[in-house]
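One structure is given here, and the rest of the page talks about it.
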Amino acid sequence: MATQTIARVDPVQYGKVMAVILAVVYLIMGLMLTLFMGFIGSMAAAIPGANTAAFAGAGLVGGLITTVVLVITGAVGGFIVGAIGAVIYNFVAGKVGGIKIDLV
C-alpha cells in the first residue's frame, strides 16, 4: 500500500467541484420544495369560492422560481467557498504538511 500526501489543491478545480455538488443538492431540495408549495396551494380548495387551480399553479411556479434561484446561488456560493477553502488548505498544508492517504 502506497502512502501519498495531498500537498496542494487547485482552487479553481475544487471550486468547480463544490459548485456542481451544491447545485445538485439545491436542485433536489428545490424540487421537493416545489412539490410542497404546489400541495399547499392545492389545499386552497377548502376556501369557499377559491380557484384551486390558480393557487396550485402559483405554488408550483413560485417553487420553480425558488428552485432556479437556489441552484444558481448554490453553484456560485459553492464555487466561492470551495476556492477559498482550497486556498486556506494550501496555506496550512504548506506549514504543517498535507493530508496523507493510502492508495491501494
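Values as computed for the structure displayed
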{"item": "Hits in the range 14-23 - residues which are among the aliphatic types (A, V, I, L, M) and farther than 19 Å from GLY62 by Cα", "result": "VAL17, MET18, ALA19, VAL20, ILE21, LEU22"}
{"item": "Residues being surrounded by fewer than 15 Cβ atoms within 10 Å (Cβ to Cβ) and not hydroxyl-bearing (Ser, Thr, Tyr) - total across the range 32-65", "result": "18"}
{"item": "Sole residue being among the β-branched types (Val, Ile, Thr) and touching a Lys or Arg at 6+ places or on another chain (Cβ under 6 Å), chosen from THR3, THR73, THR34, THR67", "result": "THR3"}
{"item": "Answer residue from the range 85-104, given it is in a helix (DSSP H, G or I) and touching a helix residue (DSSP H, G or I) at 6+ places or on another chain (Cβ under 8 Å) and is surrounded by the most Cβ atoms within 10 Å (Cβ to Cβ) among those", "result": "ALA86"}
{"item": "Given (1) surrounded by 16 or more Cβ atoms within 10 Å (Cβ to Cβ); (2) more than 30 Å from LEU103 (Cα to Cα); (3) of a type outside the set (Phe, Trp, Tyr), number of the condition VAL68 does not satisfy", "result": "(1)"}
{"item": "Some residue of the range 24-40 being touching a residue at least 60 places away in the same chain (Cβ under 8 Å) and either assigned to a strand (DSSP E or B) or under 30 Å from LYS100 (Cβ atoms) (or both)", "result": "no"}
{"item": "Inter-residue pairs, beta-carbon under 6 Å, first over 19 Å from VAL25 (Cα atoms) and in the range 47-74, second among the aliphatic types (A, V, I, L, M) and surrounded by fewer than 18 Cβ atoms within 10 Å (Cβ to Cβ), 6+ apart", "result": "ALA50/ALA44; THR52/ALA44; THR52/ALA45; PHE55/ALA44; GLY59/ILE40"}
{"item": "Residue in the range 11-21 that is loosely packed, with under 13 Cβ neighbours inside 10 Å and not in a helix (DSSP H, G or I) present", "result": "no"}
{"item": "Cβ-Cβ under 8 Å pairs, at least 6 apart or on other chains, the range 75-89 side of a type in the set (Phe, Trp, Tyr), far side in a helix (DSSP H, G or I)", "result": "PHE79/GLY15; PHE79/LYS16; PHE79/MET18; PHE79/ALA19"}
{"item": "Boolean, GLY97 is at positive phi and without any contact (Cβ under 8 Å) to a residue 40 or more places away in the chain", "result": "no"}
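No value in this document is a laboratory result; all are computed from the given coordinates. In this text, all values refer to a predicted model and were calculated from it rather than measured experimentally. In this analysis, Cβ positions are derived from the backbone assuming ideal geometry, glycine residues included, and neighbour counts consider all displayed protein chains.
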